[in-house]
Amino acid sequence: MTRPVRTPYVRTPYVLTVDAGLRDLRAADHLLRTLAAELPLTAEGFGCTHLVRGERPRVVVSLAPESGEELAHVRGHLVAMGYEVIEGAPDAVGRAVLYRGADVLRGTLSVEEVLSVSAIDRVEVLGTAGQPHPSIRLVTHSHVRPLWQSGELVLTTMPAGGGTLVPFEVPDPTPCCADH
């Protein structure tokens with residue numbers, strides 16, 4: 001068994017990457033949710049997407065189980081499913097889809113609630129310095145995708161109507177040039 005590679009984007013030293021040849025984030029999110037339903041990942045594990053640029057642009061996914069035992073089981077399951085599994089993460093800036101509390105970030109919550117019920121370390125507001133007040137409400141649209149930044153899981157938000165915030169990433173973005 002190869003030694004797990006420490007990667008700076010997660011709180012666990014156990015990370016595996018799967019390249020399923022995906023071309024968009026929605027498909028990668030779907031793959032992570034499917035894998036989560038089939039794999040015995042604990043609540044403290046992570047599942048992230050990563051954009052790979054270059055000759056063959058694509059989206060890969062990484063899974064970060066909480067323990068070495070869980071890592072071995074996840075690796076075996078993925079290989080048995082026919083996936084090529086690579087040790088470690090492709091970069092340090094994964095976009096988290098699976099993380100503690102992701103399933104309860106629904107509806108409208110205060111910033112304080114988001115931080116207390118999830119693995120998110122910090123909420124920031126695009127274009128502003130400092131942190132939003134803990135009582136400010138966040139309308140999640142059931143789509144909360146924080147990013148790893150310098151070892152912290154950070155949710156970038158933007159101001160919305162009524163003094164609320166919304167995640168910067170929207171669940172169903174309008175494709176560029178959709179009206180042409």
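Where a number appears in this text, it was derived from the coordinates with a stated rule and is not lab data. Note that the structure is predicted; figures quoted are calculated from it, not measured. Cβ: placed from backbone, ideal geometry, glycine included. Neighbour counts: every protein chain shown.
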**OP:** Could you work out the local net charge near Gly45, counting Lys and Arg as +1, Asp and Glu as -1, over the other residues with Cβ closer than 14 Å to its Cβ?
**Re:** -2
**OP:** Report the extension gain between Val170 and Val117 in nm, rounded to one decimal, defined as 0.36 nm multiplied by the number of residues separating them, less their alpha carbon distance.
**Re:** 17.0 nm
Subject >> Expected 222 nm ellipticity per residue - DSSP helices of 4 or more, -39500 (n - 2.57), all of the chain, to 500 >> reply: -6000 deg cm²/dmol
**OP:** Report, to the nearest 10°, how far helix 68-80 tilts away from the longest principal axis of the Cα atoms in the chain, using its own Cα long axis and a range of 0 to 90°.
**Re:** 70
Original post:
Taking the Cβ of Arg33 as the center, what net charge do the other residues with Cβ under 12 Å away carry, scoring Lys and Arg +1 and Asp and Glu -1?
Top reply: -2
**OP:** State, to one decimal in nm, how far the label point of Ala27 lies from the label point of Val79, with both points 7 Å from Cα in the Cβ direction.
**Re:** 2.6
Subject >> Net +/- balance of residues flanking Leu115 in space, Cβ distance below 15 Å, scoring K and R +1, D and E -1 >> reply: -2
Original post:
What angle, in degrees between 0 and 90 and rounded to the nearest 10, separates the Cα long axis of helix 25-38 from the longest principal axis of the Cα atoms of the chain?
Top reply: 60
